[in-house]
Every structure is written in structure tokens, then in C-alpha cells.
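Structure first, then comments.
The values are calculated or read from the model by the stated rules, or taken from the named source; none is laboratory data. Fair warning: this is a prediction, and the values are worked out from it, not measured in the lab. Don't worry about glycine lacking a Cβ; one is built from the backbone with ideal geometry, like all the others, and counts go over all protein chains shown.
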Amino acid sequence: MLENLRILDTTLRDGEQTPGVLITSDEKLKIALKLDELGVNVIEAGSAITSKDEQKSIKTITENNLNAEICSFARPVKVDIDAALDCDVDSIHLVIPSSDLHIEYKLRKTRDQVEKMAVEATEYAKSHGLIVELSTEDATRTKIEDLKHLYDLTISAGADRICACDTVGILTPERSYKFYKELSAFNVPLSVHCHNDFGLAVANTLEGIRGGASQAHVTVNGLGERAGNASLEELVMTIESLYGVKTGLNTRLFYEISQLVERISGVTLQSNKAIVGQNAFAHESGIHSDGVLKKTETYEPIKPEIVGHRRRFVLGKHVGKHMISEKLKETNQEVTDDELNRIFERIKALSDMGKTVTDVDLQAITDDILHINPEDSLVLEEYTTVSGNTITPTASVRVTLNNREIITAGVGVGPVDAALAAIRKSISDVANITLEEYHVDAITGGPDALIDVVVKLKNGNNVVTARSTQPDVVLASVEAYFKGVNKLLTDEKRMNNG
Ligand code: MN
């Protein structure tokens, strides 16, 4: 059943229900366009009844005449369906709570009443020309006879597809296979919708498809309520790479769309996230890196290009010469064997002292050995921070960027955040640099301890690490940030020239 699988992406509906996530109309359109380019069959664009803004968002998407079917979530009530109709959607995802638990405690209705609502809503939507995907909420905790009865009634009323939701993520792969197989006997297509409460959403979705479901509900990055939904990129790459079945999706867009959704949703991906995480194709230990450099298959199940990602080598205590020269090549820097040996010795000495070797350390050592005087594009002239218990932490900075003086100010949750906000503003014209990670350590004890700050910054596809050690945490943070920014700006120059 893996062949001819249809994908319903619900990043813009179930994904947007992630705690703390709010996606604006423009942003929703951006994501929808990318999903369409990727080739998903259905885009669940939102829930039209939610608000005027939500209606506007959905309507903007339907107006773009995408290839994908555009769908709105709806409860089995007329107002919801009317709101969806106002947005000119192709279909509705009509969701009916089906377990005793949901019917009694959430809806405070009887099963008969709910069945009647489901039938009437289906008939109403069908009579207005909508495709109806009839979905049962909490289906995996519903008695199977009750569930089948509800599908019988609604399919007779005109439902085009049915969907069974594992709303609280309690299936296991074996049970998922059996459950969806049992429901695949109906004469309409069946959807699988799994949540990731136990980290099994992708495995359960896969087994649901093998059991007979022909459409999978997924989200980019596995975004969604609580622990999220089944992840689009993980499901598709499993099917393509481990089962050898083509889905027809343009998998090369996975990393790009993942980044887009990460940025817009503000939900930061864990670095070890499968397929699209920053470390998904990163190698540190000497043996691994050396193997990958000789033949990528040694420690990579698929090539990063297949999902639009890139291979990355991280310097650690297992650093090898081969890897250092690869790292330098990434930014178009060639060194002789003798120079490489000297760089290697210095890096080795640093890591033997227990220090993480940042990209800026490597660059500083390389510049030193090659006798290059690094010229910083961005120079800190002065900074001031003000913080206290009754004021908003505020910072101002004066910097010189490519010999131009810029003065900016920023606010934040604390003085470090405010200072970094001000610096970010000062460079916003030349680069969109994001802070990916921030680590702070007190090296010595006591209130006058030395503070070690390591930052990881990103500019497009380039990620660099930088460090500063100072008694003042704000100064250490500002310095580390400056070093990282300068490395990124120089890399950009080098790559453009090369
Ligand atoms: Mn859901």
C-alpha cells in the first residue's frame, strides 16, 4: 500500500495548534506555496471558523490556485461549514469526536446526537459541493463497532474519505497495522492520523499505511499539539529510502521547508532531529569523519543532497588532518601540507586542554600560521546596557560596519538578550544572522568568576561557533557574538570570491 500514497499536510492546522505558535496570513501562504512545490496532495490550511484573520489566510491560499487540494478543518456544525465555504476551499476535514470519553465529557451529548450531527453535517457539506473527509477524533479509544457504525452512516450520507485519529498517540506499530486494516474494508479511501506522544507517530503511520490506509496526515518537522504529529520528512524518507518506493514528492525541498517552518513557527528543532536536524549529517569523531571523507556511505544512510541538506564536519577532540583541510575547503581556503600540520598541532593542543575548538579558533590559528591579518567587517566601538527589577532591559551599541558607523538599540528579557538584539539590528542590512545556540559556563567559582560563552550562529547554510571568556557575562556574550558574526561575514566574502 506504500505505492500511490497520498499526503495530507496539516502543518497549518494541527501544526499551528502547537502551544505558543501563531502563523500570520503572509507566512501561511509562504508555507502553502512551498508545500505545493513539494507536491503534497492536500493542504489543511486552517480552521475557517477560528477568526476573521484565519479566514483571510485560508482565502489567500485558495486564491493562488495551487495544485494541492485546499482543506479546512470543521466541526459538524453549520457555521463551521459555512465559514469554510466562504473561503472557497475544495474540501473539509470534518472532525467528529467518537470515543465515549470525548462524547460524554467534552461534548456532553449522547452518541445518537453526535451521529445525527455527523450525518447532517456531511449532507450539508456535500450539497454545497465540498469534498468531505470524515474524521473521527480519539478513534483509537472508541469501540470498534461504534466507529464502524459512524463510518457506515456518514459514508451513506456522502463522505468521500474517512480518517481515524490516534488523537493522544497511544497506538503501537503492531496495533496500528491491525486497527487500520480493520477499517480499510470500507469502500472509500482511509486516512491515518497519528500523534507522537510516545515518539511512535511515524512508525504508527507507516504501519497504518501498510494496514491499508491510503492517505497520511503529517506535519513539517512533526509540529503539532503536545509532542506533535507524524513528521512529513521522516515518513516520506523512510518510504523512499528504506522501502524503495517513490512518493513523487520533491524531497530536495525538505531541508528548506523545514527551515522555513522552524523560522516562522519559532519552534526550534532539536539538533539531532532525523533528516532535517543540524546534526543529521554532521560528523565529529576522527574515525567517522575519515570514513565519510573516503566514502560517504560508511556513516551516512542517504546523501544529504537528497533532502537538500548538507554534510558538516565538527571539530572535536578526535579531530583529524583530513577534516581540518575539508573544513578550510568549505570556505575556499587552501593550505600546504606543512601549514596543515602546524594548524593540526595547534588545534590538537587546544582540544587536549579540554577546550571545544570553535570555528573562530580554527580561523584564528589558520590566519596566524598563514600570517594573515584578519580585518573585521564589524567592529564594536561601544555598548551600554541598563537592567534592573523595574525597567525593561535595554542596550545601545555603536559599531563600525565596513567603515560605516551605526548606532542601534534593543530590548530583551535581560541585558545579554538586549545587547544581542541591538547588535543584530546593526547588521540587519547586510546579513540575516540567527543565534542557534548559546552556552554559558562559569569557569572559576565565586561572584568574580570567569565566564565562558560559546555561541553558534547561522547565516544561510553556514553555521559557525565562537567563544569569549571574560569576567562580565554581557561582555563575553557580545564578544563571542562579534567574533562569530565576523567569521560569517568573512566566509561569505570568501565564498563569493571563490
Ligand atoms: Mn491531530
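The residues on offer are Ala280, Ala274, and the sole one that is surrounded by 17 or more Cβ atoms within 10 Å (Cβ to Cβ), among the hydrophobic types (A, V, I, L, M, F, W, C) and either in a loop (DSSP other than H, G, I, E, B) or modelled with pLDDT under 95 (or both) is Ala280. Say whether the condition of being crowded, with 20+ Cβ neighbours inside 10 Å, of a type outside the set (Asp, Glu) and at pLDDT 90 or above is met by at least one residue in the stretch 399-406. For the stretch 399-406, residues crowded, with 20+ Cβ neighbours inside 10 Å, of a type outside the set (Asp, Glu) and at pLDDT 90 or above: present. I need every pair where a residue in the stretch 304-318 that is farther than 23 Å from Leu232 by Cβ has its Cβ under 9 Å from the Cβ of a residue that is acidic (Asp, Glu) and not in a loop (DSSP other than H, G, I, E, B), sequence separation at least 6 or different chains. So the pair list comes out as Phe313/Glu326; Phe313/Glu330; Leu315/Asp359; Leu315/Asp361; Lys317/Asp352. Scanning the stretch 75-103 for residues that are within 21 Å of Gln215 (Cβ to Cβ) and either free of Cβ contacts under 8 Å to residues at least 12 places away in the same chain or assigned to a strand (DSSP E or B) (or both) yields Ser91, Ile92, His93, Leu94, Val95, Ile96, Pro97. Among residues of the stretch 22-39 that are at positive phi and surrounded by fewer than 17 Cβ atoms within 10 Å (Cβ to Cβ), those with a beta-carbon under 9 Å from a residue that is part of a helix (DSSP H, G or I) and not small (Gly, Ala, Ser) at least six positions away or on a different chain give the pairs Gly39/Leu253. Could you look through the stretch 29-56, keep only residues that are touching a strand residue (DSSP E or B) at 6+ places or on another chain (Cβ under 6 Å) and part of a helix (DSSP H, G or I), and pick out the one that is modelled with the lowest pLDDT? Filtering the stretch 29-56 for residues that are touching a strand residue (DSSP E or B) at 6+ places or on another chain (Cβ under 6 Å) and part of a helix (DSSP H, G or I), the one modelled with the lowest pLDDT comes out as Glu54. Can you name every residue in the stretch 285-310 that is under 25 Å from Ala364 (Cβ atoms) and modelled with pLDDT of 85 or more? The answer is Arg310, and nothing else.
Put simply, of Val473, Val463, Val440 the only residue that is touching a residue at least 40 places away in the same chain (Cβ under 8 Å) and either over 23 Å from the mean Cα position of the chain (by Cα) or exposed (fewer than 14 other Cβ atoms within 10 Å of the Cβ) (or both) is Val473. Would you confirm, using the coordinates I've provided, whether Lys106 is over 19 Å from Asn41 (Cα atoms), at pLDDT below 95, basic (Lys, Arg) and not in a loop (DSSP other than H, G, I, E, B)? Here the answer is yes, as Lys106 does meet what is asked. Residues considered: Ile372, Ile391, Ile433, Ile365. Of these, the only one that is at pLDDT 85 or above and surrounded by fewer than 18 Cβ atoms within 10 Å (Cβ to Cβ) is Ile391. Modelled with pLDDT of 95 or more, of a type in the set (S, T, N, Q) and either under 20 Å from Ala125 (Cα atoms) or in a loop (DSSP other than H, G, I, E, B) (or both): is that true of Ser72 in this structure? Criteria met by Ser72. The sole residue among Glu256, Glu262, Glu240 that is more than 22 Å from Ala45 (Cα to Cα) and in a helix (DSSP H, G or I) is Glu240.
Inside the stretch 1-14, residues that are part of a loop (DSSP other than H, G, I, E, B) and within 16 Å of the ligand (Cβ to nearest atom) make up a count of 1.
Across the stretch 15-32, the number of residues qualifying as within 14 Å of the chain's Cα centre (by Cα) and within 16 Å of the ligand (Cβ to nearest atom) comes to 4. Among the residues of the stretch 182-203, is there at least one that is surrounded by fewer than 23 Cβ atoms within 10 Å (Cβ to Cβ), away from the ligand (no atom under 16 Å from the Cβ) and in contact (Cβ under 8 Å) with a residue 40 or more places away in the chain? Yes, the conditions are met somewhere in the stretch 182-203.
On the stretch given as the stretch 115-140, residues that are more than 16 Å from the ligand (Cβ to nearest atom) and touching an Asp or Glu at 6+ places or on another chain (Cβ under 6 Å) total 2. Within the stretch 60-78, being out of contact with any strand residue (DSSP E or B) (no Cβ under 7 Å at 6 or more places or on another chain) and either crowded, with 21+ Cβ neighbours inside 10 Å or under 27 Å from Pro97 (Cα atoms) (or both) holds for Val77, Lys78.
Among residues that are in contact with a helix residue (DSSP H, G or I) (Cβ under 6 Å, 6 or more places away or on another chain) and part of a strand (DSSP E or B), Ser477 is not included. Quickly run through the stretch 412-450 and pick out the residues that are farther than 16 Å from Val474 by Cα, outside any loop (DSSP other than H, G, I, E, B) and among the hydrophobic types (A, V, I, L, M, F, W, C). Selection gives Ile427, Ile433.
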